[in-house]
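The values are calculated or read from the model by the stated rules, or taken from the named source; none is laboratory data. Note that the structure is predicted; figures quoted are calculated from it, not measured. Quick reminder, even Gly has a Cβ in these numbers, built from the backbone with ideal geometry, and neighbours come from all protein chains shown. All accessible areas refer to the heavy atoms of the entire protein, side chains included, with ligands and DNA or RNA removed. Shrake-Rupley method; radii C 1.70, N 1.55, O 1.52, S 1.80 Å.
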Amino acid sequence: MFNDDFVPKIKNKEPVKKENDRARILQALKCVDQAVVIDIETTNDKMLALEKFGFDVLFSGDDWRGTERYNKTEKQFAPLGVSIEYLPYTQGVSSSDIKNKLKK
């Protein structure tokens, strides 16, 4: 899970919930073994993330499928037995839209 520095630097917005609160929400899900707050470097460098956490599956939105970045990552992961599972991107669902509606 991204730390609080990620959203302002990447999206020029402030997160609605602080990183510790977001981690607690994720950790409460039965399907989540562990929620870890990570920095931008680890988010951007999937091999670094693999070294730190030793996962065998990386989950990502399917809007990243076929991009140069993820094609490279798939090639790096394949000989290591690590796969990428792409989750369907939900058109029309936007946290920015939700925040704007709540402000009204």
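Counting only residues that are free of Cβ contacts under 8 Å to residues at least 12 places away in the same chain and assigned to a loop (DSSP other than H, G, I, E, B), how many does segment 5-14 have? I'd like the intermediate steps shown before the answer.
Taking segment 5-14 and keeping what is free of Cβ contacts under 8 Å to residues at least 12 places away in the same chain, we get 7-8, 11-12, 14.
Those still in the list that are assigned to a loop (DSSP other than H, G, I, E, B) too: 12, 14.
Qualifying residue count for the region: 2.
Filtering segment 79-91 to residues that are open to solvent by 70 Å² or more (accessible area, probe 1.4 Å) and modelled with pLDDT of 95 or more leaves Pro79, Leu80, Glu85. Annotation for segment 55-64: no member residue is aromatic (Phe, Trp, Tyr), within 13 Å of the chain's Cα centre (by Cα), surrounded by 15 or more Cβ atoms within 10 Å (Cβ to Cβ) and not in a helix (DSSP H, G or I). Could you list, in sequence order, the residues of segment 26-47 that are assigned to a loop (DSSP other than H, G, I, E, B) and open to solvent by 40 Å² or more (accessible area, probe 1.4 Å)? Those that are assigned to a loop (DSSP other than H, G, I, E, B) and open to solvent by 40 Å² or more (accessible area, probe 1.4 Å): Ala28, Leu29, Lys30, Cys31, Asp33, Gln34, Val36, Val37, Asp39, Asp45.
Tell me, yes or no, whether segment 6-25 has at least one residue that is small (Gly, Ala, Ser) and exposed (fewer than 15 other Cβ atoms within 10 Å of the Cβ). Lay out the reasoning, then the answer.
If we filter segment 6-25 for residues that are small (Gly, Ala, Ser), which is where we start, we get 23.
Still in the running and exposed (fewer than 15 other Cβ atoms within 10 Å of the Cβ): none.
Taking every residue of segment 6-25 in turn, none turns out to be small (Gly, Ala, Ser) and exposed (fewer than 15 other Cβ atoms within 10 Å of the Cβ).
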